[in-house]
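**Student:** Can you read through this structure? Questions will come right after.
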Amino acid sequence: TTSEELLRKLNEQRDIIALLEVKMKEMKGSIRRLRLAEAQLREEIREKDRLLHAASAGTRKRHGL
């Protein structure tokens, strides 16, 4: 291999690395958004559970259970 070929391969590898870095940043952003969405969904579930438990407790009191 000549120095010209090695330089071409090096540049190709640099291009690949640059693309992978961009993809990695995109994936980190996606992970961040998904974590936020997960936290919001978990909070919604907790709130609905609280409402269900409160409604269930009210029903038991009315029926003398």
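**Student:** Charges on Cβ only, +1 for Lys and Arg, -1 for Asp and Glu, centred on the Cα centroid of the chain; of Leu20, Gln40, Leu7, which one is farthest towards the dipole's positive end?
**Tutor:** Gln40
**Student:** Between Arg50 and Leu7, 0.36 nm times their residue separation minus their Cα-Cα distance comes to what? Mind showing how you got there, number by number?
**Tutor:** Details: separation 43, 0.36 × 43 = 15.48 nm, distance 6.41 nm.
The Arg50-Leu7 span can extend by a further 9.1 nm.
**Student:** Follow-up question, since we're still on this one. Going by alpha carbons, how many degrees (0 to 90, nearest 10) lie between the helix axis of 3-62 and the longest principal axis of the chain?
**Tutor:** Roughly 0 degrees, rounded to the nearest 10.
**Student:** Next question, about the same structure. With viscosity set to 0.692 mPa s and temperature to 37 °C, compute the Stokes-Einstein D of the chain, Rh being the Kirkwood radius across alpha carbon pairs; µm²/s, no decimals. Could the numbers behind the result be given before it?
**Tutor:** On the way: Rh = 16.8 Å.
My calculation gives 196 µm²/s for D.
**Student:** Fully extended, how many nm does the chain gain between Glu26 and Ala57 (0.36 nm per residue separation, minus their Cα-Cα distance)?
**Tutor:** On the way: separation 31, 0.36 × 31 = 11.16 nm, distance 4.64 nm.
Full-extension gain reported as 6.5 nm.
**Student:** In debye, nearest 20, what is the charge dipole magnitude of the chain about its Cα centre with +1 on Lys and Arg Cβ and -1 on Asp and Glu Cβ, if you could check? If you can, show how the numbers build up before the last one.
**Tutor:** Numbers: 16 positive and 11 negative charges, 156 e Å.
It comes to approximately 760 debye.
**Student:** Given the protein chains as shown and a 1.4 Å probe, how many square angstrom of Thr2 are accessible, to the nearest 10?
**Tutor:** Estimated to the nearest 10 Å², Thr2 gives 80 Å².
The values are calculated or read from the model by the stated rules, or taken from the named source; none is laboratory data. In this text the structure is predicted, and so the values were computed from the model without any measurement. FYI the Cβ positions are ideal-geometry reconstructions off the backbone, even for glycines, and counts take in every protein chain you see. The protein model used for the area step is the full one, side chains on, heavy atoms only, and it has no ligands, DNA or RNA in it. Shrake-Rupley method; radii C 1.70, N 1.55, O 1.52, S 1.80 Å.
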